[in-house]
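Novice: This structure is in structure tokens; I'll ask about it shortly.
The values are calculated or read from the model by the stated rules, or taken from the named source; none is laboratory data. Please read all numbers here as calculations on a predicted model, not as lab measurements. Cβ placement follows ideal geometry from the backbone for every residue including glycine, while neighbour counts extend to all protein chains displayed.
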Amino acid sequence: MNILERIVEHKKKEVAERKELRPVAVLEKEAFFTREVLSLQQFLTDPARTGIIAEFKRRSPSKGIINDQVKVEAVTKGYAAAGASCLSVLTDEQFFGGTSEDLRQARVNEIPILRKDFMIDEYQIVEARAIGADVILLIAACLTPSEVRRLARFAGSLGLEVLLEIHNEEELEHICEETPIVGVNNRDLKTFTVDVERSIRLSKQIPSGKLLVAESGINEVATILHMKKAGFQGFLVGEHFMKEKDPGAAFGAFVRELSGN
């Protein structure tokens, strides 16, 4: 069983438990459930912004602890102040050390927030709405094309946008009308190896009209500039900033370098 399979297996048990603890009827009464959602598409295409989705992540299965000494509110405020187009907040606890409370705390910022988790059930989408997310991640590697369509439609019914993540040619069939934003993960979720050219190769096969996001393995301004030329408008960057003592300050320095090019 590879890492992704282990994560999904645990997620099924976790979702079943959470449904018992906090039913949908309870989630729908949360204050954030009726807040006005911010559009990732709008923020990524705004020429005054960086196009960067800046991530808050304490640890990962491949790297172990990345940074567990910083506070989510302070880091995300730093990201937002420096020009992030969106925040990505890990909410998986077992493998990434995140919680739903992390996303709630990040909601002090007035930019879109992506709930970064392994979504396999409509319940998690209701939960995402209730904790203040604007966007959910659907990972093709752990869903069938029909599951992607079903979950994406459901997200849309709640006013949430969807970032569909693919990482190989076989997953191109997961792209559908309900997924206008397509991310290409440079990291293979089964082996966790990184190939930063993956986005470039796959982008040529993604249907026109999709908003393209490059994910993982982005550590240099030159990489973003290279991907912009290939048509990418979004860039999800996490580990590069989180490994620093002050991720917000590191992001600010990165943005200043990017602005000078």
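Novice: Do we find that Ile52 is surrounded by 15 or more Cβ atoms within 10 Å (Cβ to Cβ), β-branched (Val, Ile, Thr), under 21 Å from the mean Cα position of the chain (by Cα) and over 19 Å from Ile113 (Cβ atoms) in this structure?
Specialist: no
Novice: Give the residues of the stretch 33-66 that are touching a residue at least 24 places away in the same chain (Cβ under 8 Å) and at positive phi, sorted by residue number.
Specialist: Once the filter is applied, which keeps residues that are touching a residue at least 24 places away in the same chain (Cβ under 8 Å) and at positive phi, the stretch 33-66 yields only Gly51.
Novice: Those residues that are under 22 Å from Arg6 (Cβ atoms) and without any contact (Cβ under 8 Å) to a residue 24 or more places away in the chain, I need them from the stretch 156-190; list them, please.
Specialist: Across the stretch 156-190, the qualifying residues are Glu170, Asp188.
Residues are listed down the side, and each one gets a yes or a no for (1) polar (S, T, N, Q); (2) within 17 Å of the chain's Cα centre (by Cα); (3) not in a loop (DSSP other than H, G, I, E, B):
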{"site": "Pro207", "(1), (2), (3)": "no, no, no"}
{"site": "Phe235", "(1), (2), (3)": "no, yes, yes"}
{"site": "Glu244", "(1), (2), (3)": "no, no, no"}
{"site": "Arg256", "(1), (2), (3)": "no, no, yes"}
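Novice: When the residues of the stretch 78-116 are filtered to those that are in contact with a strand residue (DSSP E or B) (Cβ under 8 Å, 6 or more places away or on another chain) and among the hydroxyl-bearing types (Ser, Thr, Tyr), which remaining residue is farthest from Arg129 (Cα to Cα)?
Specialist: Out of the qualifying residues, it is Tyr79.
Novice: Could you grab me the full set of residues in the stretch 118-169 that are among the β-branched types (Val, Ile, Thr), in a helix (DSSP H, G or I) and closer than 19 Å to Glu215 by Cβ?
Specialist: Matches in the stretch 118-169: Val148 only.
Novice: Search the stretch 234-254 for residues that are more than 16 Å from Cys86 (Cβ to Cβ) and pair each with any residue that is in a helix (DSSP H, G or I) and at pLDDT 95 or above when their beta-carbon atoms are under 6 Å apart and the residues are at least 6 apart or on different chains.
Specialist: As it stands, the answer is Glu244/Ala250; Ala250/Phe241, since those pairs meet every condition given.
Novice: Then there's this: Within the stretch 169-224, count every residue that is polar (S, T, N, Q) and under 30 Å from Ala253 (Cα atoms). Outline the logic, then answer.
Specialist: If we filter the stretch 169-224 for residues that are polar (S, T, N, Q), which is where we start, we get 179, 185-186, 191, 193, 199, 203, 205, 208, 216, 219, 223.
Within this subset, residues satisfying the condition of being under 30 Å from Ala253 (Cα atoms) are 185-186, 193, 199, 203, 216, 219, 223.
Residues in the stretch 169-224 being polar (S, T, N, Q) and under 30 Å from Ala253 (Cα atoms): 8 in total.
Novice: Restricting the stretch 138-155 to residues that are crowded, with 22+ Cβ neighbours inside 10 Å and touching an Asp or Glu at 6+ places or on another chain (Cβ under 6 Å), which is nearest to Ile7 (Cα to Cα)?
Specialist: Just the residues of the stretch 138-155 that are crowded, with 22+ Cβ neighbours inside 10 Å, to begin with: 138-140, 143, 148, 151-152, 155.
Filter again for touching an Asp or Glu at 6+ places or on another chain (Cβ under 6 Å), leaving 139-140, 152.
Details: Ile139: 12, Ala140: 14, Ala152: 21 Å.
Taking the candidates together, the pick is Ile139.
Novice: How about the stretch 191-230: which of its residues are in contact (Cβ under 8 Å) with a residue 40 or more places away in the chain and among the polar types (S, T, N, Q)?
Specialist: Thr191
Novice: Sort through Val37, Val8 and tell me the only one that's of a type in the set (Val, Ile, Thr) and part of a helix (DSSP H, G or I).
Specialist: It is Val8.
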